[in-house]
Amino acid sequence: MFVGERFVLRVGRKGAIYLPRRVMRDMGIGEGDLFVLRREGNRLVLEFIPDPFMLAVRSRKWAWTSVEEFERESEVEQEEAVKGSG
């Protein structure tokens with residue numbers, strides 16, 4: 001974890017800022033990932049937006065379900081939604 005660490009970065013061509021590899025590795029950031037850039041006075045804050053699919057793929061698995069079980073659960077949820085709206 002790198003709480004409180006500081007890195008000096010240089011702005012490159014066309015405003016490119018390159019994150020240190022260690023930061024990218026530690027946070028699971030890869031090429032093409034998205035961020036929100038927020039300005040707070042004279043500070044820039046980057047917030048990483050995790051991709052839900054990649055989050056699911058990379059995270060530790062804690063449950064298992066079959067396609068059939070997922071479909072049954074989905075049908076039950078849909079039926080309840082229809083009953084609740086009518």
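Numbers at a glance
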| item | result |
| --- | --- |
| Integer Hz, Karplus 6.51/-1.76/1.60 couplings in order for segment 38-44, x for Gly and Pro | 10, 9, 10, x, 9, 10, 10 |
| Karplus (6.51, -1.76, 1.60) ³J(HN,Hα), θ = phi - 60°, over segment 20-36, in Hz, Gly and Pro reported as x | x, 4, 4, 5, 4, 5, 5, 9, x, 8, x, 4, x, 5, 9, 9, 9 |
| Kirkwood Rh in Å, taken over all unlike Cα pairs in the chain | 17.4 |
| Mean separation of Cα contacts under 8 Å, 6 or more apart, over the residue count of the chain: relative contact order % | 13 |
| Between 0 and 90°, nearest 10: helix 67-85 axis offset from the chain longest Cα axis | 80 |
| Solvent-accessible area of Arg58 with every protein chain in place, 1.4 Å probe, in Å² to the nearest 10 | 130 |
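The values are calculated or read from the model by the stated rules, or taken from the named source; none is laboratory data. Only a predicted model underlies this, so the values are computations on that prediction, with no experimental measurement involved. Surface areas here come from the heavy atoms of the whole protein model, side chains and all, with no ligands, DNA or RNA. Shrake-Rupley method; radii C 1.70, N 1.55, O 1.52, S 1.80 Å.
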